[in-house]
Amino acid sequence: MRVIVIGAGIVGVCTAYWLNRHGMQVTVVDRRSGIAQESSYGSAGILAADYASPWAAPGMPGHFFSHLFKAEAPVALRTSLDPALWKWLVKWLGQCRAERYAANKRTMQRVARYSRAQLADLREEHGFEYERRSGYLQLLRTQRDLERTEPARRVMQDSGIAHRLLSPDEALAMDVHLQDAVHVGTPLAGAIHYPDDESGNCPLFARLLAAECERSGVEFKFNAVAHPMQNASGAVTGVRLKDGAMLPAQAVVMAGGSDAAGWLGRLGIAVPMYPVKGYAANLPLRGDAIGPRRAFVDEAYRVTVTPLGQRLRIAGTAELGGRGPGMHGKALRTLVRVAQDWLPGMLDLSRATWWSGTRPMTPDGPPILGATRLPGLYVNTGHGSHGWSMAVGTGRILADLVAGKTPDIDLDGLDIGRYARKN
Ligand SMILES: Cc1cc2nc3c(=O)[nH]c(=O)nc-3n(C[C@H](O)[C@H](O)[C@H](O)COP(=O)(O)OP(=O)(O)OC[C@H]3O[C@@H](n4cnc5c(N)ncnc54)[C@H](O)[C@@H]3O)c2cc1C
């Protein structure tokens with residue numbers, strides 16, 4: 001069976017890997033010149049199977065809207081008349097109810113935990129080295145930040161997810177840089193430690209897995225924009241490239257990240273995804289500064305700091321209505337503020353390199369997986385802020401579905417049809 005995967009981000013590469021393992025003839029098509037050059041490039045690198053949470057959470061609308069006019073903030077809303085944005089926001093607000101949050105978080109954790117197990121197997125089998133570190137800390141500046149984690153802790157307790165709420169003193173004992181931070185006045189009300197979560201270099205992992213795919217016969221076509229080919233009854237029969245080349249296939253998997261919604265929409269398939277812009281910086285540590293031992297997130301600003309060798313990746317913030325490539329001062333200030341607050345005097349900001357791009361966000365949180373109503377067309381997209389955390393697992397599930405096998409985990413809450421049902 002011949003299968004085309006559209007998108008060579010982390011999701012497309014993982015999907016291609018598992019399709020190939022099922023004995024299929026796979027071609028991956030991407031408009032960029034190489035692997036992981038869009039959202040997957042900007043990933044903070046957290047494999048957050050246990051931390052993974054939907055943005056739509058109780059208390060989140062108030063938290064976000066109260067920050068809209070501050071100089072540094074976890075979220076920015078650009079003036080936009082884009083109806084897709086306002087429709088998405090209405091759906092997102094509807095998912096902030098406690099019971100929807102709990103259901104969506106459980107779904108995301110089911111996928112991400114499955115993904116973590118599959119990733120561990122791949123690491124062992126292929127010996128991949130991708131700057132991996134164990135453990136993850138969620139830093140809580142204020143009592144209010146701590147209280148906002150209550151719904152998440154309840155779900156984790158009910159599902160037996162490994163995590164530990166730390167007092168400020170216990171948190172300080174976890175890493176030396178936190179003592180320096182508190183010493184210069186950064187507030188710390190507590191932290192949550194996720195011992196089984198990890199971090200690493202997402203684009204590096206994607207390139208290693210793609211090289212493995214190529215060795216096993218997967219073909220990659222770059223600088224190639226893919227359009228759908230359809231027969232008279234609407235079934236998708238392959239893709240047509242911008243240069244006119246035709247690639248017929250029995251199945252096409254749309255793994256195009258933020259642009260999947262527009263592509264699918266032109267085929268009459270509505271998916272309520274919105275590109276939520278985020279920012280990232282790579283910066284070296286100063287001289288012989290010893291950086292953090294493990295990755296952490298500043299929950300108030302939703303900015304993550306990840307140690308990658310002798311440099312750090314700082315990433316986060318959510319900008320709605322800002323699809324373009326521009327860099328906005330508010331987001332950059334927020335990243336710098338978090339870095340300076342938690343790593344005082346350790347960073348060489350003059351050598352920072354900056355990036356911005358979008359996350360493919362669903363309003364409820366879980367990704368969208370599986371067959372569409374058009375025969376031959378599958379989707380694997382909408383991974384939002386947790387694409388790397390879920391990609392190895394969703395790639396395997398999608399390949400199982402294309403091959404007619406029953407996936408290892410329950411797909412409730414992951415199919416495209418969930419939006420047509422009333423929650
Ligand atoms: C700032 C930031 C930090 C993040 N941190 C984390 C993190 O710590 N942990 C985590 O798990 N996730 C994180 N994420 C989320 C994660 O990066 C995304 O969920 C993930 O990269 C999505 O992968 P993807 O393959 O679906 O999309 P992409 O990486 O965007 O890949 C899609 C590809 O499809 C191609 N494409 C689209 N349409 C076409 C077409 N018609 N023809 C040809 N090619 C096409 C594009 O060129 C692109 O290469 C972060 C995201 C951001 C923005």
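The values are calculated or read from the model by the stated rules, or taken from the named source; none is laboratory data. Computed from a prediction, not measured in an experiment: that's the story for all the values here. Glycine gets a Cβ as well: all are built from the backbone with ideal geometry, and neighbour counts include every protein chain shown.
Considering only the stretch 368-381, how many residues are more than 8 Å from the ligand (Cβ to nearest atom) and either at positive phi or buried (at least 23 other Cβ atoms within 10 Å of the Cβ) (or both)? Selection size over the stretch 368-381: 6.
In the stretch 296-331, the residue that is modelled with the highest pLDDT out of those that are under 14 Å from residue 354 (Cα atoms) and more than 12 Å from the ligand (Cβ to nearest atom) is 312.
Looking only at residues in the stretch 218-262 that are touching a Gly at 6+ places or on another chain (Cβ under 9 Å) and on the phi > 0 side of the Ramachandran plot, the one that is surrounded by the most Cβ atoms within 10 Å (Cβ to Cβ) is 257. For the stretch 192-217, a residue qualifies if it is closer than 15 Å to residue 27 by Cβ and surrounded by fewer than 17 Cβ atoms within 10 Å (Cβ to Cβ), and the qualifying residues are 214, 216, 217. Out of (1) in contact with a His (Cβ under 9 Å, 6 or more places away or on another chain); (2) at pLDDT 95 or above; (3) surrounded by fewer than 24 Cβ atoms within 10 Å (Cβ to Cβ), the odd one out for residue 394 is which? Residue 394 satisfies all of (1) in contact with a His (Cβ under 9 Å, 6 or more places away or on another chain); (2) at pLDDT 95 or above; (3) surrounded by fewer than 24 Cβ atoms within 10 Å (Cβ to Cβ) except (3). Among the residues of the stretch 342-357, those that are in contact with a Phe, Trp or Tyr (Cβ under 9 Å, 6 or more places away or on another chain) and either within 24 Å of residue 11 (Cα to Cα) or surrounded by fewer than 24 Cβ atoms within 10 Å (Cβ to Cβ) (or both) comprise 354, 355, 356, 357.
Condition first: within 7 Å of the ligand (Cβ to nearest atom) and either at positive phi or modelled with pLDDT under 95 (or both). Now tell me which residues in the stretch 1-27 satisfy that. Break it down into steps so the answer makes sense when it comes.
Narrowing the stretch 1-27 to residues within 7 Å of the ligand (Cβ to nearest atom): 6-12.
7 - this is the single residue of the stretch 1-27 that is within 7 Å of the ligand (Cβ to nearest atom) and either at positive phi or modelled with pLDDT under 95 (or both).
Would you call residue 36 over 12 Å from the mean Cα position of the chain (by Cα), part of a loop (DSSP other than H, G, I, E, B), closer than 16 Å to residue 200 by Cα and modelled with pLDDT of 95 or more? Yes.
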